[in-house]
Amino acid sequence: MQSLTSSPFAVAALLLVVLLACHEVGFRLGCRVAKVDDDYKRRVDMIRNAILALVTFLVGFSFAGAGARFIDRQDMIVKEANAIGTAYLRAMLLPEPQRGQLQAELRQYTADRIELLGSYDDSAIRALLVRAGTTQNRFWQIGIAGVGTDREFANFMLPPLNDVIDIHSEHLYAARRHVPSPILVVIVIAAAIGMAMIGFDNGLVRRRFFLLSTSFAVVSAASLWMTIDLDRPRHGFLRATNQPYIDLLGSMKP
């Protein structure tokens, strides 16, 4: 899957090819049937409609879940940007050199978030995640050094830094939540069988109905692709915007 998703549209093209191929296989099988009575045709129609109805339900259910998770990731970005901004403002209360050090670390951390959300390279993403953990350790140590032994000041200064660290874990978990691959495989197989049944039905009457069948294949492939794309934030074409990080970085004046 990862090799295919290196190009966001490769999955859509593959799904369309698979569905059209299944239609052609079904059509050729239908043409092999020598004689069809009305009873046989009704059963073919019943099975075809049942399969297509099941595919519609599965795709709709999966798409709704993927859309909800997409919105959750977008909300998480806003939440994380707000937490970083709060920590940056409170860092102004620290004495030097901790003030400048912490603000510089938070600026770099925000820049890394922008790069992380825009990257399609797995190795770059892993490197940025490792760097995030290292940066978190550094600004936590800077915060502890800045507050010293003042417990009341620590209770005011350190919670925003802790929020930044916690929200990173929440964001990472949200990015890894998606429809399990076996379920997606079942949906694709069901859609392929449904498309083959359409082709088989066309083969029984020796007519391809090319425009209608192709239109249905395109719509089905697009729906499946959108479901997969929404649910794969590391590889998908549709990504939650990183504009909150960009706006935040622009406001972080040294």
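At-a-glance table
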quantity	calculated
Unique match (being assigned to a helix (DSSP H, G or I), touching a helix residue (DSSP H, G or I) at 6+ places or on another chain (Cβ under 8 Å), of a type in the set (Lys, Arg) and within 30 Å of Gly30 (Cα to Cα)) among Arg69, Arg48, Arg43	Arg48
Set Val147, Val188, Val218: member being surrounded by 14 or more Cβ atoms within 10 Å (Cβ to Cβ), in contact with a Leu (Cβ under 9 Å, 6 or more places away or on another chain), at pLDDT 90 or above and over 30 Å from Val25 (Cβ atoms)	Val147
Helices (runs of 4 or more DSSP H) fully within segment 160-254 counting 2 or more residues that are more than 23 Å from the chain's Cα centre (by Cα) and within 22 Å of Leu58 (Cα to Cα)	181-204, 210-230
Neighbours by Cβ (under 7 Å, 6+ apart or cross-chain): first from segment 179-191, more than 16 Å from Ala64 (Cα to Cα); second exposed (fewer than 10 other Cβ atoms within 10 Å of the Cβ) and among the small types (Gly, Ala, Ser)	none
Residues being surrounded by fewer than 19 Cβ atoms within 10 Å (Cβ to Cβ) and among the β-branched types (Val, Ile, Thr) - total across segment 67-91	3
Some residue of segment 114-135 being within 19 Å of Asp163 (Cα to Cα), among the basic types (Lys, Arg) and touching a residue at least 24 places away in the same chain (Cβ under 8 Å)	no
Residues of segment 37-53 satisfying the condition of being more than 16 Å from Leu19 (Cα to Cα) and hydrophobic (A, V, I, L, M, F, W, C)	Val44, Met46, Ile47, Ala50, Ala53
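The values are calculated or read from the model by the stated rules, or taken from the named source; none is laboratory data. None of these values were measured; they are calculated from a predicted model. Note: ideal-geometry Cβ built from the backbone for every residue, glycine included; neighbour counts use all protein chains shown.
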